[in-house]
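This report concerns only the one structure given below.
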Amino acid sequence: MKLQVAMDVLTTEAALTLAGQVAEYVDIIELGTPLIKAAGLSAVTAVKEAHPDKIVFADMKTMDAGELEADIAFTAGADLVTVLGTADDSTIAGAVKAAKAHNKGIVVDLIGVADKVTRAKEARALGAKFVEMHAGLDEQAKPGFDLSGLLRAGAEARVPFSVAGGVKVATIGDVQQAGAEVAVAGGAIYGATDPAQAAKELRSAILWRPVI
């Protein structure tokens with residue numbers, strides 16, 4: 001299972017600093033939507049140039065103009081780009097068309113999708129590289145939130161998936177056991193006093209919990 005850091009910082013400089021701290025321990029470096037909105041896609045270019053050996057993930061959360069927005073992000077250096085699962089099928093298909101032209105990938109983010117299992121299968125059929133079982137920060141803040149619903153949906157869908165939404169050392173083993181290809185950690189890394197140590201501990205937790 002790959003480890004993805006979601007960088008919800010707001011400047012290119014902060015992103016480069018955080019990426020430099022954790023790159024040794026992660027496989028995928030995600031530039032979060034707030035970062036892209038605040039700093040622009042030049043931040044994607046800067047991170048890719050600094051870490052050409054890493055998969056750079058642009059969390060565009062595209063809802064319309066799929067082919068155009070994906071093309072812009074891929075041209076900026078992104079390897080993976082997100083389209084929302086609530087978008088029209090034609091938007092996802094357009095983004096996939098751009099991905100094929102660049103030899104890159106589209107991830108369909110299922111945040112806000114009620115029937116994640118069905119939409120995951122549909123997204124995969126449309127050409128998504130994988131889907132993201134995602135609970136946003138607002139949903140995570142609700143009383144009683146846990147990862148179990150996302151993990152059940154991922155296991156049931158039987159398509160390649162990632163999990164984002166409260167992944168930390170205490171839960172990453174459950175993510176791996178559910179069969180996820182990618183575990184996405186945001187606040188557990190960027191909110192830590194020592195982001196490098198936090199990323200190292202997450203990586204170690206993956207390595208020491210092989211899927212049975």
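I'd like to know how region 2-186 sits against the 2.2 N^0.38 Å rule of thumb: what's its Cα Rg over that expected value?
0.95
Give the residues of region 40-67 whose amide nitrogen is closer than 17 Å to a point set 7 Å from the Cα of THR86 in the direction of its Cβ.
Residues passing the 17 Å test: 60-66.
Quote to one decimal, in nm, the extra length available between LEU137 and ALA114 on full extension: 0.36 nm per residue of separation minus the C-alpha distance between them.
Here the segment from LEU137 to ALA114 would lengthen by 6.6 nm.
Which stretch or stretches of region 162-201 have amide N atoms under 14 Å from the point lying 7 Å from THR17's Cα along the Cα→Cβ direction?
Answer for this model: 190-196.
Just add up the charged neighbours of ALA6: K/R +1, D/E -1, any other residue whose Cβ is under 11 Å from the Cβ of ALA6.
Computed value for this residue: -4.
When the chain is fully extended, how far beyond the present Cα-Cα distance does ALA155 get from LEU68, taking 0.36 nm per residue of separation?
Result for the pair: 28.1 nm of gain on full extension.
With the cut-off at 24 Å, tell me which of the pairs LYS97/LYS168; LYS121/LYS200; LYS142/LYS200; LYS2/LYS104; LYS48/LYS200; LYS37/LYS121 have Cα atoms farther apart than that.
Result: LYS97/LYS168; LYS121/LYS200; LYS142/LYS200; LYS37/LYS121 exceed 24 Å.
Using only DSSP helix segments of four residues or longer, with each worth -39500 (n - 2.57), what per-residue ellipticity at 222 nm results for the chain after dividing by its residue count and rounding to 500?
Calculated at 222 nm, the ellipticity per residue is -13500 deg cm²/dmol.
Please name which of ILE206, LEU31, HIS134 has its Cα lying farthest along the dipole of the chain towards the positive end, using unit charges on Cβ (Lys, Arg +1; Asp, Glu -1) and the Cα centre as origin.
Towards the positive end, the residue furthest out is ILE206.
Quick one: which of 159-168, 92-101, 136-145 comes out on top by average Cβ neighbours within 10 Å, and what's the full order, highest first?
159-168, 92-101, 136-145
Which order do the peptides 172-180, 192-200 come out in when sorted by mean C-beta neighbours inside 10 angstrom, highest first?
Sorting 172-180, 192-200 by mean packing, highest first, produces 172-180, 192-200.
All of the numbers you see were taken from the coordinates with simple rules; none came from a lab. On a predicted model such as this, the values are computed, not experimentally measured, just so you know. Every residue, glycine among them, receives a Cβ derived from its backbone with ideal geometry; neighbour counts consider all protein chains shown.
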